[in-house]
């Protein structure tokens, strides 16, 4: 019985001419790809040992479209549906309704465009907005987006640190914008990795195996969570009045440079892959976590002012959680090293 998509079959090798091995291909696959005798077939030998076959002249980046009918989705759910379509890797999104689009729907579309990378409005009418992607999934290297996320996060932490020890609040007045940019890069990486899983062409363009792509998405998720805590620290710092002055040579602030130095070492090892440096950084982060936990427990044992204690406790908790996510970052790097060693064997 002929096989179809998603099914398996066993084919036997045949020896032709004494030195060439051949294997027949399923006829339904030949017909579905409009192939004929003597047409070219691309053969990709993957690191796992598998062979991937695809027509030589196939168009890898077929236009994929999602149509969102506002009359068929819950009210106020448009943004979530747009993000779902974006992360799935589609190139075009059509938002349509039988009646004119409401102001809230158009606000959700603008919010989606601010939160993502590469999408623009192609056509727009009273009842329809057509969005198109101008960025190919294989164009921007994943490590470049990760590095940009790290720079956004590290600069935010540096500015928060300066404000907490007395610098001007204007240093972190744009904290919302910085977090949105980091979120947008995170979504972009998730979108690219999703496209990698569906297309070997995208994986080749990015120069990564699919396993490596998934791990890059995990790294981006760790950085995004760190940025969430940086955002919370900035918001708390600006909204607390009067704001307690924290000393840079005392907990919790004294451990913030330790945490950031360890994360810097881990970012370097995204390329270097030195397991000793990674483990040293993770041990440093673990020690900082333990010290911060003990500091938070001691805070409430004295008779200090409650507002100051609450502020310091929340700052300490955010720094401790950043250390935890940084350790996760290091663990992912170790997983990548282990996977590379298996490939070499």
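Hey, among 205, 195, which residue is over 14 Å from the mean Cα position of the chain (by Cα), in contact (Cβ under 8 Å) with a residue 60 or more places away in the chain and assigned to a helix (DSSP H, G or I)? Talk me through it step by step, then tell me what you get.
Details: 195 fails: over 14 Å from the mean Cα position of the chain (by Cα).
Answer to the check: 205.
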Original post:
What single numbered condition from (1) farther than 26 Å from residue 53 by Cα; (2) modelled with pLDDT of 95 or more; (3) crowded, with 18+ Cβ neighbours inside 10 Å fails to hold for residue 190?
Top reply: (1)
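Listed here are the residues, each with its yes/no results for (1) at pLDDT below 95; (2) touching a helix residue (DSSP H, G or I) at 6+ places or on another chain (Cβ under 6 Å).
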position	(1), (2)
215	no, yes
246	yes, yes
280	no, no
293	no, no
311	no, no
Original post:
Is it fair to say residue 316 is assigned by TED's automatic domain parsing to the domain that holds residue 234 and either in contact with a strand residue (DSSP E or B) (Cβ under 6 Å, 6 or more places away or on another chain) or exposed (fewer than 15 other Cβ atoms within 10 Å of the Cβ) (or both)?
Top reply: no
**OP:** Tell me, yes or no, whether region 227-250 has at least one residue that is out of contact with any strand residue (DSSP E or B) (no Cβ under 6 Å at 6 or more places or on another chain), closer than 29 Å to residue 177 by Cα, without any contact (Cβ under 8 Å) to a residue 40 or more places away in the chain and surrounded by 17 or more Cβ atoms within 10 Å (Cβ to Cβ).
**Re:** no
Original post:
If you go through region 133-142 one residue at a time, do you hit one that is in contact with a strand residue (DSSP E or B) (Cβ under 6 Å, 6 or more places away or on another chain) and not in a loop (DSSP other than H, G, I, E, B)?
Top reply: yes
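Residues checked against (1) surrounded by 14 or more Cβ atoms within 10 Å (Cβ to Cβ); (2) under 14 Å from residue 82 (Cβ atoms); (3) assigned by TED's automatic domain parsing to the domain that holds residue 224; (4) more than 16 Å from the chain's Cα centre (by Cα):
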| position | (1), (2), (3), (4) |
| --- | --- |
| 113 | yes, yes, no, yes |
| 149 | yes, no, yes, no |
| 169 | no, no, yes, yes |
| 176 | no, no, yes, yes |
**OP:** Among the numbered conditions (1) part of a helix (DSSP H, G or I); (2) out of contact with any helix residue (DSSP H, G or I) (no Cβ under 8 Å at 6 or more places or on another chain), tell me where residue 157 comes up short.
**Re:** (2)
Original post:
residue 285 fails exactly one of the following numbered conditions: (1) closer than 18 Å to residue 165 by Cα; (2) surrounded by 20 or more Cβ atoms within 10 Å (Cβ to Cβ). What is the number of that condition?
Top reply: (1)
**OP:** Could you grab the pairs with beta carbons closer than 6 Å, sequence gap of 6+ or different chains, first residue in region 86-97 and touching a residue at least 60 places away in the same chain (Cβ under 8 Å) and not assigned by TED's automatic domain parsing to the domain that holds residue 199, second one in a loop (DSSP other than H, G, I, E, B) and surrounded by 18 or more Cβ atoms within 10 Å (Cβ to Cβ)?
**Re:** 86/116
Original post:
Any residue at all in region 304-313 that is surrounded by fewer than 16 Cβ atoms within 10 Å (Cβ to Cβ) and either part of a loop (DSSP other than H, G, I, E, B) or outside the structural domain of residue 214 (by TED's automatic domain parsing) (or both)?
Top reply: yes
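The values are calculated or read from the model by the stated rules, or taken from the named source; none is laboratory data. These numbers were taken from a predicted model, which means no experiment stands behind them. Here Cβ is always computed from backbone atoms with ideal geometry, including for glycine, and neighbour counts include all displayed protein chains.
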